[in-house]
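The values are calculated or read from the model by the stated rules, or taken from the named source; none is laboratory data. For clarity, every value in this text was computed on a predicted model and none was experimentally measured. Ideal geometry is used to build each Cβ from the backbone, glycine not excepted, and the neighbour counts take in all protein chains shown. Areas reflect the complete protein model, heavy atoms only, side chains present, ligands, DNA and RNA absent. Shrake-Rupley method; radii C 1.70, N 1.55, O 1.52, S 1.80 Å.
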Amino acid sequence: NRSNIVSYSPVQFLGEEDAPIVITSSDGSGQGIALLNAKEQSRLEYVLFDNLASPQKGGYELSGAVTIYESSVRIVQSSFRNARAEDMLNIVRSDFSIENSSFAKGRSDGIDIDFSKGSITDSVFADFGGDGIDVSGSAVQVVRIFISSIKDKGVSVGEGSTLQLTDVKIKDCFIAVASKDGSFVDMQQGGVSNCKYGLTLYQKKPEFSGATLTASGVTLEQIVVPYLIESGSAFTLEGTPISS
């Protein structure tokens, strides 16, 4: 019946490997979860979020099926899938860590991180109509991640963000990595395969400058356009600057 969960205090959803907590919408109308202004850290362990949409009521609508706003959160061994929202998970102005989790089958973005600080490790992003990981105005570390079957960008970094990518594998995307609008991306190890565009740098919004990306130990295979570098952006490959 189009219901949702809104919490202004921290949540402790602590499932087990053989008995996860399942939060789902059996009738396909459920609107998801919003965690707002919680003063202490929330923990989500062994939780499955399935078939949820954006909370909306009385003239407002959030973009995430699961929204974390100004609330610290740790997510471990959890799954997000079949989201009917612009973002499967939206983290805004929050400290976060995501470990050993999976994000799959969403109509738009997998995770949208805005003005936040945190890390994503040992996780999977697959089958999204938008971006796999979308970062804006944030500082994020991404380690040992697999990204595949993304209609837009595997990793999108914008609005003055700083992103460290270590041992990340990206395949079957339109654009593998996009650094834009004053952002800095450092990509170490990992590989990109079967994408139309590999590593791209450009300015999208007029209030920002170009972007920066450094790459070392990254393999590119079956890429139509390996590098796309707009004038005003800076790309360094294996310590050597590459011209626009």
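Descriptive notes on the structure:
- In range of the label at E99: residues from segment 111-134 whose backbone nitrogen is under 13 Å from the point 7 Å along Cα→Cβ: 119-123
- Once each of the GluC sites (Glu not before Pro) sitting in a DSSP loop with at most 16 other beta-carbon atoms within 10 Å is removed, the chain keeps 71-206 as its longest stretch.
- For segment 93-191, with all protein chains in place and a probe radius of 1.4 Å, 46% of the accessible heavy-atom surface sits on carbon or sulfur.
- The candidate values were (i) 34, 21, 20; (ii) 29, 23, 18; (iii) 31, 18, 16; the one computed from these coordinates for semi-axes √(5λ) of the Cα gyration tensor in Å carries the label (iii).
- Those lysines that a straight Cα-Cα span of less than 27 Å connects to K169, excepting residues fewer than 8 apart in one chain: K105, K117, K151, K153, K180, K196, K204
- Sparsely packed loop sites in segment 180-244 (the chymotrypsin sites (Phe, Trp or Tyr not before Pro) outside DSSP H, G, I, E and B with at most 15 other Cβ atoms within 10 Å) comprise F208.
- Straight-line cross-link partners of K39 among the aspartates and glutamates, defined as a Cα under 13 Å from its Cα and at least 8 positions apart when in the same chain: E70, D95.
- Accessible area per residue for segment 1-145 is 44 Å², calculated with a 1.4 Å probe on protein heavy atoms, without ligands, DNA or RNA.
- Taking all protein chains together, L228, L165 sort by accessible area into L228, L165, largest first [probe 1.4 Å].
- Euclidean distance of C-alpha centroids, segment 210-244 and segment 82-111, integer Å: 27 Å
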